[in-house]
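See structure below.
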């Protein structure tokens with residue numbers, strides 16, 4: 001009897017711990033509610049609408065579904081990030097509007113991937129695990145961010161901004177890439193970036209808006 005009681009106490013404690021911040025494994029935002037600032041989401045998160053995460057820690061990865069729009073600010077995602085076709089990713093940028101920066105900082109631990117995205121805006125972020133984005137309908141913007149791991153960008157419908165220039169009236173700072181950057185079938189403005197590796201182009205055009213520091217081979221310009 002005492003052993004059974006002890007097991008029940010442990011189970012109850014585990015449940016209380018996993019739900020103390022209001023979100024448990026397999027959560028969905030916004031259909032299951034939006035995590036409040038300071039929340040910890042365990043076991044992953046699906047974004048199935050407009051989801052604004054502010055000051056949230058997510059474990060187990062994030063998947064942005066078709067029609068999902070993630071606005072990530074002052075938050076940390078552990079376990080990587082996947083954007084399904086038709087999804088939108090905005091890191092430290094406003095997702096409902098023209099993608100203006102929120103002047104915050106967020107971190108993604110794990111690889112970030114996306115295929116046929118609706119849009120992507122990444123400002124002042126740390127992405128530990130590299131990034132691979134294939135296809136984007138609008139105007140991809142990547143400013144003032146730090147990438148660890150190989151980075152690849154391909155098949156964008158419209159020109160991208162990867163550092164340099166101004167976006168929505170805000171200066172787009174250069175990015176730091178710790179690894180090779182591969183550009184395929186796209187046009188992009190690039191300026192003020194540091195690439196600790198190669199910059200490799202295939203059927204792509206790079207418009208240099210400010211000097212880029214590239215330590216490896218440059219086949220783009």
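Checked against the criterion of being buried (at least 17 other Cβ atoms within 10 Å of the Cβ) and outside any strand (DSSP E or B), the candidates 174, 216 yield just one match: 174.
Taking the criterion of being closer than 20 Å to residue 118 by Cβ and crowded, with 18+ Cβ neighbours inside 10 Å, the residues of region 40-60 that qualify are 45, 46, 47, 48, 51, 52, 53.
Tell me yes or no: at least one residue of region 159-168 is in a loop (DSSP other than H, G, I, E, B) and in contact (Cβ under 8 Å) with a residue 60 or more places away in the chain. Checking region 159-168: at least one residue is in a loop (DSSP other than H, G, I, E, B) and in contact (Cβ under 8 Å) with a residue 60 or more places away in the chain.
So, in region 197-212, exactly how many residues are buried (at least 16 other Cβ atoms within 10 Å of the Cβ) and outside any strand (DSSP E or B)?
5
The strands (runs of 3 or more DSSP E) falling completely within region 42-123 that include 1 or more residues that are within 11 Å of the chain's Cα centre (by Cα) and free of Cβ contacts under 8 Å to residues at least 60 places away in the same chain map to 62-64, 69-73, 76-78, 81-83, 88-91, 106-109, 112-117, 119-123. Residue 99 fulfils the conditions (1) touching a strand residue (DSSP E or B) at 6+ places or on another chain (Cβ under 6 Å); (2) modelled with pLDDT of 95 or more except for a single criterion, (2).
Scanning region 146-167 for residues that are surrounded by fewer than 24 Cβ atoms within 10 Å (Cβ to Cβ), in contact with a strand residue (DSSP E or B) (Cβ under 9 Å, 6 or more places away or on another chain) and over 14 Å from residue 187 (Cβ atoms) turns up 146, 148, 149, 150, 152, 167. Just one of the listed residues (32, 26) is modelled with pLDDT of 95 or more, surrounded by fewer than 18 Cβ atoms within 10 Å (Cβ to Cβ) and either more than 21 Å from residue 95 (Cβ to Cβ) or over 15 Å from the mean Cα position of the chain (by Cα) (or both), namely 32.
Being crowded, with 18+ Cβ neighbours inside 10 Å and more than 21 Å from residue 191 (Cα to Cα) is the requirement here; does residue 110 meet it? Yes: the conditions hold for residue 110.
Scan region 126-140 residue by residue and report those that are crowded, with 24+ Cβ neighbours inside 10 Å and closer than 19 Å to residue 96 by Cα. Across region 126-140, the qualifying residues are 136, 140. Kindly establish whether residue 64 is touching a strand residue (DSSP E or B) at 6+ places or on another chain (Cβ under 8 Å), over 21 Å from residue 172 (Cα atoms) and surrounded by fewer than 24 Cβ atoms within 10 Å (Cβ to Cβ). No.
The values are calculated or read from the model by the stated rules, or taken from the named source; none is laboratory data. Bear in mind the structure is a predicted one, so any value in this text is a computation, not a measurement. Note: ideal-geometry Cβ built from the backbone for every residue, glycine included; neighbour counts use all protein chains shown.
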